[in-house]
1. Restricting the calculation to Cα positions, tell me the Rg (one decimal) and the Dmax (whole number) of region 69-130 in Å.
2. Given C-alpha coordinates of region 232-293, what is the ratio Rg to Rh with the Kirkwood estimate of Rh?
3. Please report, in whole Å, how far the alpha carbons of region 265-314 spread along each principal axis, starting with the longest.
4. Counting other Cβ atoms within 10 Å, keep those with at most 13, restrict to DSSP loop, and tell me which GluC sites (Glu not before Pro) in region 372-471 are left.
5. Using only alpha carbons, build the gyration tensor for region 101-141 and give me the equivalent ellipsoid semi-axes, biggest first, whole Å.
6. Would you kindly derive the ³J(HN,Hα) couplings of region 34-43 from the backbone phi angles with the Karplus curve 6.51 cos²θ - 1.76 cosθ + 1.60 (θ = phi - 60°), listing them in order in whole Hz, with x for Gly and Pro?
7. Identify, among A205, M113, F229, the residue whose Cα sits farthest towards the positive end of the charge dipole of the chain, taking +1 on the Cβ of Lys and Arg and -1 on the Cβ of Asp and Glu, with the dipole about the Cα centre.
8. With the cut-off at 31 Å, tell me which of the pairs K9/K233; K333/K464; K237/K453; K35/K233; K364/K464 have Cα atoms farther apart than that.
Amino acid sequence: MISFILNTKDVRTSLPPGTTVLDFVRYHQYLSGTKIGCREGDCGACTVLVGDVATGELRYRTATSCLMPLGNVHGKHIVTIEGINQDELNPIQQAMVEESATQCGFCTPGFVMSLAGFCLSKNAATIQNAHAAIDGNICRCTGYKSIERAAARVAQLLESRTNEVPTQFVADRGILPGYFSTIEERLLGLSAHLNGELRNDFPLAERVGGGTDVYVQKHDALKESSILFLAEKASLKGIRQEGNTCDIGAASTVTDLMESPILQRYFPDFKAYTKLISSTPIRNLATIGGNLINASPIGDFTIVFLALDADITLNDGTQSRSLPLRDLYLGYKTLDRQPEEILEKITFDLPSPSSRFNFEKVSKRTHLDIASVNSAIQLLVDGNLITSVKLSAGGVAPIPRRLTNTEAFLTGKPLTEAVILEATQVAQTDIAPISDARGTEAYKRLLLSQLIKAHFIKLFPELKVESLLAQ
């Protein structure tokens with residue numbers, strides 16, 4: 001049995017754990033305010049809130065319910081649009097009305113839920129953060145300016161909040177229903193009653209982390225499948241530093257990485273990189289392990305960790321083995337991994353103060369899109385001499401790959417515009433792109449050259465940009 005709180009109600013269900021939360025709330029609980037749109041996590045019409053106490057305090061995240069299986073909500077609080085209704089419109093809904101921020105209304109519940117998630121977060125009450133909270137919601141008819149004005153009004157509601165607990169603050173001020181102030185105690189009680197995680201130890205079952213990719217591909221098949229749920233396994237979570245080494249549990253989400261003090265300290269631009277990857281609701285669900293095991297030739301975090309020369313640890317239930325991430329990919333969607341093995345953790349050396357790192361991505365849309373080409377670089381420079389280079393790229397070969405010819409060429413060379421331009425030509429020998437929906441072969445070759453230049457322009461602003469862009 002899967003047990004959780006749905007709005008104000010305790011729920012227990014024996015439905016297949018692969019059933020999506022979206023289908024459960026609409027077809028089994030008859031809560032039709034959560035809409036069915038794309039079923040791919042793009043539109044945000046199905047957005048719900050997910051509250052849990054796994055970190056020791058109640059924390060809410062937005063999530064696309066079309067990609068979230070029931071097996072991942074065991075012991076949590078799920079909130080649909082019906083769960084934030086009050087006798088009158090709540091202030092979030094009122095802001096949408098007064099700013100004329102709705103037209104057909106299909107997307108409106110998703111926007112309201114994302115803004116409710118903002119109110120329940122500890123993010124600063126700024127207009128920028130309010131806008132960021134709705135980055136996973138698409139409106140096809142109203143136009144965004146009115147929605148942005150409504151979001152700004154919601155930010156104003158939170159300006160007086162200092163160190164108050166978000167659930168208590170919104171309950172006391174009538175922003176959201178009063179029952180939110182009781183949920184932490186209820187979840188702690190539910191957690192004690194459940195006495196552990198959902199039993200899902202089928203050895204050769206389908207593996208599901210956050211579900212943000214596999215549910216796009218196999219939504220119908222997964223509903224009735226035996227599933228090994230990995231996202232809530234405590235042994236697969238956490239970001240730890242031991243000396244100069246960082247270990248990231250494979251079930252850590254993208255949001256976990258964004259909020260990690262370790263990664264913020266060693267990679268000051270890390271949040272800027274992740275803003276180019278998916279959207280807030282997807283980042284709240286998507287696991288790093290899933291991004292790597294997906295084996296996409298353009299997996300964004302695969303490219304990041306390749307440039308960090310990361311190792312991974314696989315476990316078959318009996319023993320663990322480690323291998324360099326660069327050796328995991330044997331061919332298109334083909335891995336050096338046995339069917340019974342799961343990815344446990346990613347390990348890499350944290351950069352030294354003299355090390356420089358950068359990530360670049362080009363896609364048809366700036367946000368919430370798959371890369372045409374992406375690339376990351378880590379390098380050391382001694383004076384004007386490049387002493388070490390790790391350069392990766394995606395979208396240019398059947399697998400995400402390190403550009404070893406280019407790395408070898410750059411190592412030991414002086415940091416000059418001429419060397420960088422020659423490196424872009426050497427990089428063409430490292431890749432074998434194809435023409436597809438994201439661009440022609442020639443376009444992808446050009447993009448890689450431009451991204452290599454972008455790395456150096458970003459990391460070494462003293463370079464003569466005009467010389468690099470002239471060719």
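The values are calculated or read from the model by the stated rules, or taken from the named source; none is laboratory data. From a predicted model like this one, the values you see are computed outputs, not experimental measurements. Neighbour counts are summed over all protein chains in view; Cβ atoms, including those assigned to glycine, are modelled from backbone coordinates with ideal geometry. With ligands, DNA and RNA removed, areas are computed over all heavy atoms of the protein, side chains included. Shrake-Rupley method; radii C 1.70, N 1.55, O 1.52, S 1.80 Å.
1. 13.4, 39
2. 0.95
3. Between the extreme Cα coordinates on each principal axis of region 265-314 lie 27, 24, 18 Å.
4. Details: sites: E407, E417, E422, E441, E462, E466; in loops: E462.
In loop regions of region 372-471 (DSSP not H, G, I, E or B), the sparsely surrounded GluC sites (Glu not before Pro) are E462.
5. Over the Cα atoms of region 101-141, the ellipsoid semi-axes are 20, 10, 7 Å.
6. Once θ is set to phi - 60°, the couplings for region 34-43 become 7, 8, 9, x, 7, 6, 10, x, 8, 8 Hz.
7. Farthest towards the positive end: M113.
8. Working: K9/K233 25 Å; K333/K464 40 Å; K237/K453 36 Å; K35/K233 29 Å; K364/K464 28 Å.
Violating the 31 Å Cα-Cα cut-off are K333/K464; K237/K453.
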